[in-house]
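Written below as structure tokens is the structure these notes are about.
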Amino acid sequence: MRTQLYKLWMTVCLLVVTGSVWALNVTISDPESWTTSDLSRYVGQTITFTNDWYVCNNYNDTYKISPRRIYSPTNQAIPLSMEYYSCVQLNQSGTIYINGISGYHRMGERLRNMTVYVNSTTTVTLQSCTWVGNKRSDLMQGIDMESIDMRGTHNLLVCGMNLEYYLVENLGTGYGPSDATEHQRQRTKVGKALAKIGADIYGLVEIEQGQSAVSEIASDLTAATGRTYTYVNDRGSSNSSFTKSGFVYCSDVVRPIGPFRYTNAGVAQRKYMQLFEQIATGERFVYSINHFKAKSGKGATGDNVDKGDGQGAYNGTRQDEAHAILSLFEQNSSTFNDPDLLIMGDLNAYGMEDPIRILTDGGMTDLHREMHADSSYSYTYYGVAGYLDHALCSQELLPQVTGMTVFHINSDEQDDFTYDKSTDTTMFRCSDHDPVIVGLNLNHSSTDLYINTAEVLTHRANMEIHNANGGYVKIYDINGRLCWDETITNTTHTIETNHYRAGLYIVHIYYNGKIMQYKIIIN
């Protein structure tokens, strides 16, 4: 009897209690390289994970989860590179199906202290968890101002957004709203989103030709915010459901200078460029809003054929469009007489694809990667995240960029909440793309914005932060989890890194009211 009691006591020591369920504690040592094969030893058991798990797919109420967010390979790596193939392989074996979820949950929400019954290496059943992060209630507070003011305080807010066929007149064509009722819901949802953002200038794509759409949006923003919004008139007329790009702006804050410029390379009426002046300071910058050729479609030939490298069809046209933007700016440089260029819009290419590298090779800085390294996204396709919606700036404008963020009100939502599939009138899922927002301070010089004397050195055993005494440092892993948070107490401040797993980390240094951000790799 005593022996049996001892065996039972030993068994209990190997188990933890979660509610009424006995479960083994399991820790995933490296979420970035985890695959479903690691579940094989637990099939038929109830286990509790000490790691957070992410909802990576919530389509049709069928939930898939992973211990990491799943990103498009071409968002993280150059197409067909070794890193690209590694991403492809890990994506294919990095998610599992989960049964037993109640209520609605967005992609990016995390399951903490998750207890599951392991049915197989690909399916588990949820017993209990705590839901954290990326909830609608979080986003109702508004955009992430900490990211907007990473490098100082902004005095101008610029937004770029794809409105997913915002039509006013040509309804029922198979694109956008089918009737006036659907249009009114689309108008309400989009209006709430744009008003919540509160930008001074909006660059919008997938809006109806002519002036009806921009006029309606400007009018709604004026009514919702109490500020005066108007639009750049491109002199076009509405004659079909074909969409264009356009500008809506607050005339209390900025004014357009001279006519807008455009190029019809690739798809016409989708690549506009306008010089804006900030009324309070007289400072100017050039805003380029764009919508590149989509990845799908019939009739692709030559360099537009899908080559199977993750970039889809019509990559050749998108490359031509990228070259055309740079050329348009160069051709009008004497007219603009200002080197500050901000390129935004749905470029239908992920961060490491050819069209984006044409822009960065041409001197533009990718603000997604500059500000948020590899964790940024604005669009999800069957649970795979990445950013098709871009913000890039010239080297001259970069010191005046205070920060950027993506407002995740759309890409993580189920399609069931769109204006044509529900009666929902919230701002959520007003489009299939998230808005991208950039903070500018056009009245500050680069010497005010950069901490040139602070540097980060990565060593085998430690990391040194120099000349930032009195500030503080936060270190995040690629999934956004905070790994380290402490005050910088010395001119040379050392952080031991030998206890960190190998991988990519984002270092935020807060010093003298400013923020510097670094990407480090620990081998």
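The values are calculated or read from the model by the stated rules, or taken from the named source; none is laboratory data. Quick caveat, the model's predicted, so the values are computed rather than measured. Positions of Cβ are backbone-derived with ideal geometry, glycine not excepted, and every protein chain shown enters the neighbour counts. Note: accessible area is taken over every heavy atom of the protein model, side chains too, but ligands, DNA and RNA are not part of it. Shrake-Rupley method; radii C 1.70, N 1.55, O 1.52, S 1.80 Å.
Taking amide H positions as placed in the peptide plane 1.01 Å from N, state which residues far from residue 114 in sequence (5 or more) or on other chains have amide H under 5 Å from it.
Those qualifying (amide H under 5 Å, at least 5 residues apart or on another chain) are 49.
Quick check: net charge around residue 156, other residues with Cβ under 15 Å of its Cβ, Lys/Arg +1 and Asp/Glu -1?
Overall, the nearby charge balance is -3.
Could you tell me the accessible area of residue 396 in Å² (1.4 Å probe, neighbours in place), rounded to the nearest ten?
Roll a 1.4 Å probe over it and residue 396 shows about 100 Å².
Work out how much length residue 499 to residue 153 would gain on full extension: take 0.36 nm times their residue separation and subtract the Cα-Cα distance, in nm to one decimal. Present the calculation step by step, with values, prior to reporting the outcome.
Working: separation 346, 0.36 × 346 = 124.56 nm, distance 3.55 nm.
Taking 0.36 nm per residue and subtracting the Cα distance, the gain is 121.0 nm.
Apply the a/c threshold of 1.5 to the C-alpha gyration tensor of the stretch 222-332 and tell me whether it is rounded, prolate or oblate.
In terms of gyration-tensor shape, prolate.
Put +1 on the Cβ of every Lys and Arg and -1 on every Asp and Glu Cβ in the chain; which of 178, 263, 367 then has its Cα farthest towards the positive end of the dipole?
The listed residue farthest towards the positive side: 178.
The list (1) 22.9, 81; (2) 25.7, 87; (3) 24.7, 94 gives values of Rg and Dmax of the Cα atoms in Å, and only one came from this structure; which label was calculated from it?
(3)
Counting only C-alpha contacts under 8 Å and six or more residues apart, can you give the relative contact order of the chain as a whole percent?
Normalised by residue count, the contact order of the chain is 14 percent.
Among 218, 142, 441, flag the residue with its Cα farthest along the positive direction of the charge dipole of the chain, charges on Cβ as +1 for Lys/Arg and -1 for Asp/Glu.
Checking the options against the dipole of the chain, the answer is 142.
Rounded, prolate or oblate: which fits the stretch 40-184 when a ≥ b ≥ c are the square roots of the eigenvalues of the alpha-carbon gyration tensor, with rounded for a/c under 1.5 and prolate only if a/b beats b/c?
prolate
Quantify, in whole percent, the carbon and sulfur part of the accessible surface of the stretch 274-358 (1.4 Å probe; protein heavy atoms only).
C and S atoms contribute 46 percent here.
If you average the sequence gap of Cα pairs under 8 Å that are 6 or more apart and divide by the length of the stretch 255-375, what percent do you get for the contact order?
Once normalised by length, the contact order is 24 percent.
Which value, in Å² rounded to 10, gives the accessible area of residue 405 with a 1.4 Å probe and all protein chains present?
The accessible area of residue 405 comes to roughly 10 Å².
Over the chain, with the other protein chains present, what is the accessible area per residue in square angstrom, probe 1.4 angstrom?
Accessible area per residue, the chain: 42 Å².
Once you list every other residue whose beta carbon is under 14 Å from the beta carbon of residue 366, what net charge do they have if Lys and Arg are +1 and Asp and Glu are -1? All intermediate terms of the calculation are to be shown ahead of the outcome.
Working: positive: 357, 369, 519; negative: 353, 354, 361, 370, 374, 389.
With Lys, Arg at +1 and Asp, Glu at -1, the net is -3.
Determine the gain in length on full extension of the stretch residue 426-residue 85; use 0.36 nm per residue of separation and subtract their C-alpha separation, reporting nm with one decimal.
118.8 nm
According to a simple spin-label model (label point 7 Å from Cα along Cα-to-Cβ), what is the distance in nm between residue 119 and residue 483?
Result for the modelled spin labels: 3.5 nm.
Which one, 379, 409, 341, projects farthest toward the positive side of the charge dipole computed for the stretch 286-423 from Cβ point charges (K/R +1, D/E -1)?
Toward the positive end, the furthest listed residue is 379.
Working out 0.36 nm times the residue gap between residue 298 and residue 219, then minus their Cα-Cα distance, what length gain in nm do you get to one decimal?
Extending this stretch completely gives an extra 24.7 nm.
If we count every other residue with Cβ under 12 angstrom of residue 28's Cβ, Lys/Arg +1 and Asp/Glu -1, where does the sum land?
Local net charge: -2.
Please state, rounded to one decimal and in Å, the Kirkwood hydrodynamic radius that the stretch 256-309 gives when every pair of distinct Cα atoms enters the mean of 1/r.
Evaluated over the stretch 256-309, this radius sits at 13.8 Å.
Ignoring ligands, DNA and RNA, how do 22, 484, 131 rank by accessible area with a 1.4 Å probe, largest first?
22, 484, 131
According to the square roots a ≥ b ≥ c of the eigenvalues of the Cα gyration tensor, what is the shape class of the stretch 69-141, taking rounded for a/c under 1.5, prolate for a/b larger than b/c otherwise, and oblate for the remainder?
Because a/c hits 1.5 or more and a/b fails to exceed b/c, the stretch 69-141 counts as oblate.
Please report, in debye to the nearest 20, how large the charge dipole of the chain is about its Cα centre when each Lys and Arg carries +1 at its beta carbon and each Asp and Glu carries -1 there.
Dipole magnitude for the chain comes out near 1240 debye.
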